Amino acid sequence: MLPDLSPLRSTPDFRLLWVQGFVTYCGSAMAMVALPLQIKHLTDSPLAVGAMGAVELVPLVVFGLYGGALADAVDRRKVIIGTEAALGALAVVLLVNALLPSPLLWPLYLVAAGVSALTGLQRPALDALVARIVPHDQLTAAAALTSLRWQAGEIAGPSLAGLVVAFAGSATAYGVTAVTFTVSVVMCLRLAPAPPAHDAPKPSLRGLAEGARYAWSRPVLLGTYAIDLAAMFLAFPHTIFPFLADELDATWSLGLMYAAGAVGSAAVGLTSGWASRVRRHGLLVVFGAMTWGLAIAAAGRLDQVWPVLVCLAVAGAGDMVSGLGRSTIWNQTIPDELRGRLAGIEVLSYSVGPQLGQVRAGAMAGWTGTRTAIWSGGVVCVGAVVILAGLLPRLLTYNADKDPDTQRNRAARDDR
């Protein structure tokens, strides 16, 4: 049951990325809590908070796709360093705005859009780099350890952020974020270069279309994208947590609400040794997404804060299980020469859903109330997952020992 630590032992660059990612996420999680809370204080409007998702959506789509093509065409290490430095600069902008006598609203949306664009550029390079440096038979373990790192950051970051914002203000939280990105850049400079193949195409619409055609021709990949997109769009209520905390008369619990999902995910990650022996990863995707939806629905129906936090933790555990299945299928079946472009599509799969989910949750909360917006989204999420699994049966029957794409990539990795 203990997590498989083989990637950390065998791959120095993976160890470095793991530590760097934890440092970065602890800092960025503080901004993740402080930013919507600051918008709430300035506007007192759930729709205004939910509008962050709309502002972030277009940059994420455009730069996520371009970032995928870029990751196949240039040194992935340079992309990671450049985007980390730019994210640190945006944290400084938030800090300066927070120190003004009367902080402005529009810079918050502008920075949110900038962060979304830089995330879209960076994540394909990060994902493609991990798939290259980690041995093929350790990819599931690497996915579990990577998720565990994010969850550890989500637990530490939001929990501390709630206290920091409450007692020291948003400016301090943004300052911590800027410092962590500075540390991250220094660490990324120690990564080995990751140049593209000598015949790698330049970023182009034609290259993006090639990646999209590959994804469209693989029903298993389509299933992972569709289920994750549906689950996040329909049942991602994080943006209205400030209002939920108010309704439960537990404003002190806001940081815990943001961290609860990470606690559940971390529990799965810390007992993820079993995952390296699973071969039917499509079942993990479906089961995890259904667990997520059911737990979110329960959280919306309960009126005591501690049971709500437990449900959010269960939801995080379900998301972790689904994420293990998705990451393993992506890394095992996609060839290295398309890894960046497909990673760009993956960014849209697991990022566009939450952005649209913020808009949905904010708009519906303003119309029907906060708790109705939460539980109804969870119920519809479960129904959508069942329908998609029925429409894409190849996902349910996926077996890593028999899938031809997986076996072909394993042989290509062994040849290299």
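The values are calculated or read from the model by the stated rules, or taken from the named source; none is laboratory data. What you see is a predicted model, and the numbers here were worked out from it, not measured in a lab. Glycine gets a Cβ as well: all are built from the backbone with ideal geometry, and neighbour counts include every protein chain shown. Note: accessible area is taken over every heavy atom of the protein model, side chains too, but ligands, DNA and RNA are not part of it. Shrake-Rupley method; radii C 1.70, N 1.55, O 1.52, S 1.80 Å.
Observations on the model:
- Residues that are under 24 Å from S147 (Cβ atoms) and open to solvent by 30 Å² or more (accessible area, probe 1.4 Å), drawn from the range 90-117: V115
- Test: A389 is among the aliphatic types (A, V, I, L, M) and either touching a His at 6+ places or on another chain (Cβ under 8 Å) or modelled with pLDDT of 80 or more (or both): yes
- For the range 139-156, filtering for residues that are over 15 Å from the mean Cα position of the chain (by Cα) and of a type outside the set (A, V, I, L, M) leaves 1.
- Test: residue in the range 122-129 that is open to solvent by 30 Å² or more (accessible area, probe 1.4 Å), of a type in the set (K, R) and touching a residue at least 12 places away in the same chain (Cβ under 8 Å): yes
- Candidate set from the range 313-333 (those that are among the aliphatic types (A, V, I, L, M) and open to solvent by less than 10 Å² (accessible area, probe 1.4 Å)); member that is nearest to the chain's Cα centre (by Cα): M320
- Subset tally (residues that are closer than 27 Å to A73 by Cα, open to solvent by less than 10 Å² (accessible area, probe 1.4 Å) and either without any contact (Cβ under 8 Å) to a residue 12 or more places away in the chain or among the hydrophobic types (A, V, I, L, M, F, W, C) (or both)) for the range 338-379: 3
- For the range 178-213, the candidate set comprises residues that are over 19 Å from L17 (Cβ atoms) and modelled with pLDDT of 90 or more; within that set, the residue that is surrounded by the fewest Cβ atoms within 10 Å (Cβ to Cβ) is V179.
- Across the range 232-287, the qualifying residues are those that are among the hydroxyl-bearing types (S, T, Y) and open to solvent by 10 Å² or more (accessible area, probe 1.4 Å), and the one among them that is farthest from V386 (Cα to Cα) is T251.
- Restricting attention to the range 387-406, the residues that are surrounded by 14 or more Cβ atoms within 10 Å (Cβ to Cβ) and not hydroxyl-bearing (S, T, Y) add up to 9.
- Of Q122, Q38, all but one fail to be of a type in the set (S, T, N, Q), assigned to a helix (DSSP H, G or I) and farther than 30 Å from I329 by Cα; the exception is Q38.
- With respect to the conditions (1) assigned to a helix (DSSP H, G or I); (2) at pLDDT 80 or above; (3) within 27 Å of R301 (Cα to Cα), P158 falls short on a single one, namely (2).
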